[in-house]
Amino acid sequence: MTTPGKQAKTTPTVTAARRRTYDHRLRLAIAASGDATLFHDIDIPPSTRRSWTTRPVPTVVALHAEDRELVELQVALARVEVANAKLRAVVRLLLALVAVLGGRIADRPVPAAEDKARLLAAVRKTESVLGRGAALRVLGLTPQRMREWKHRALECRLQDTPSCPRRTPQQLTITERWTIREYVTDLALRHLSIASLSLLALRRGHAIASASTWCREVRRQGLRRPRKRVHPRRPKVGVRATAPNEIWHIDASKIRLVDGTVVWVHVVIDNYTRKILAWTMGGTCKADATNELLHQAVRCVRDHAGVVTVVTDGGSENIAVEDEDFAGLLRRVRAQVDVTYSNSLIESFWAQLKHRWLYLHDLDTEATLRKLIAAFVEDHNALIPRAVLGGRTPDEVFLGLHRELPVQLVEARRAAGVDRVQVNRALTSCGGCDGPEHPTPRGEVVDG
């Protein structure tokens, strides 16, 4: 019974969570270095480590004032231990390599299944320290070759080839594959084509295989010819305008019909928008044709626009740009004469017009050619989006339409990536295309 004014005391039944405590020197070391991976061998949650690097360090009353020097020594020791672990991992890889081959894997095949299993086990043990990419580089083992080993039955005692020689006995031998590698990567033979290399190896009796077989083997091995360009330096970015009707490119190109008739096509293209402003077609390449072309193009120049720079080559037909009719409107600049840059923008258009469109049709008459050019110019201006324009067409940029489209396309790509991940994660694995349904123990290798 309780007296008035007093309440009965009750004992709360709350179980306090047990909190882990750490040596303050651990927190000081991680906070001082800003490296949350220090002392990786100590079981400290990653979130706790990150909080130590961001939260202020509390004041700690220690026994000795020299603890700060001890913390610095502990940081240095932890970094040395990390480097030591990497060195031990490299040594482990090299020991396994020497025990198996006595050299780099890139120099010879690995015929024995137990040797492949040992190398795969060494990579698996060291990739947690070095990373898989670094471990493979130390061994000279490519990721494609490692995947082939994993997907192939390790009990097979055959040579290190992409397929079984019994089923495809006509495939190249290991010696021939390495002969092809030596020829393709030889600096002294870098000026020879693949076809010439195959004939040279055939004449010498080193590798008797066709040029198509050489090309297929080059793709399979991922070989690159040692042809790094040194001189002259290629310009990274050519001339670029900042607004429509600031820089034009003009040029003429010759097209031969089926019956041998020569037709000249003149085109003027805007540098900023890539829009074909005008084009003409005729049987001659003279100043009169250029004059007619420019009279069509100047209709696209707005009243408030300034003088348009017209980039041309040194041809005599381009002298029409300097006529009195275009005084105050156009200013001629000869590519690689008056300026250092070339007229490559319109040359790129010629390549697209001819190789992607015209040469896919029979150019029998001038009427057919005119119809084909008109269709391509219409698609070039209004249909084909350009990456350099952010996904917009030349007409849209020239007229100032759909300015928000590049941002919308970037957002659409991001949203599609999120949706793709969600859809793929929602699929149930059948255990066939992407591995077994149950995880494989670390000590086993799945046979492909």
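The values are calculated or read from the model by the stated rules, or taken from the named source; none is laboratory data. Everything quoted here is computed from the prediction, not taken from an experiment. Cβ: placed from backbone, ideal geometry, glycine included. Neighbour counts: every protein chain shown. For the accessible areas, the whole protein counts, side chains as well, though only heavy atoms, and no ligand, DNA or RNA atoms are used. Shrake-Rupley method; radii C 1.70, N 1.55, O 1.52, S 1.80 Å.
For Arg332, the amide hydrogen comes within under 5 Å of the amide hydrogens of Val310, counting only partners 5 or more places away or on other chains and with H modelled in the peptide plane.
Counting only protein heavy atoms and a probe of 1.4 Å, the accessible surface of region 261-365 is 47% carbon and sulfur. Once the mean 1/r over all distinct Cα pairs of region 161-283 is inverted, what Kirkwood radius in angstroms do you read off? Result for region 161-283 stands at 19.5 Å.
Karplus-derived 3J(HN,Hα) values for region 268-281, using 6.51 cos²θ - 1.76 cosθ + 1.60 with θ = phi - 60°, are 10, 10, 7, 5, 6, 9, 6, 7, 7, 7, 6, 8, 9, 9 Hz; glycine and proline are entered as x.
Estimated at 0.36 nm per residue, the fully extended path between Val423 and Arg19 surpasses their Cα-Cα distance by 141.4 nm.
Under the classification rounded if a/c is under 1.5, otherwise prolate if a/b is larger than b/c and oblate if not, where does region 20-59 fall, given a ≥ b ≥ c as square roots of the Cα gyration tensor eigenvalues? Because its axes are fairly even, with a/c under 1.5, region 20-59 counts as rounded.
In this structure, the amide hydrogen of Val268, modeled 1.01 Å from its nitrogen in the peptide plane, lies closer than 5 angstrom to those of Leu277, Ala278, counting only residues at least 5 positions away or on a different chain. Taking θ as phi - 60° and the Karplus parameters 6.51, -1.76 and 1.60, the scalar couplings of region 401-416 work out to 9, 6, 5, 8, 4, x, 5, 5, 5, 5, 5, 5, 5, 5, 5, 5 Hz in sequence order, x denoting glycine and proline. Of the chymotrypsin sites (Phe, Trp or Tyr not before Pro) found in region 283-356, those in coil by DSSP whose Cβ has at most 15 other Cβ atoms within 10 Å are Tyr341.
With the highest mean first, a sort of the peptides 237-245, 28-36 on other beta-carbon atoms found within 10 angstrom per residue produces 28-36, 237-245. If R0 is 60 Å, the Cβ-Cβ spacing of Leu360 and Thr185 corresponds to a FRET efficiency of close to 0.95.
The GluC sites (Glu not before Pro) of region 358-413 meeting both criteria, a DSSP state outside H, G, I, E and B (loop) and at most 16 other C-beta atoms within 10 angstrom of the site's C-beta, are Glu404.
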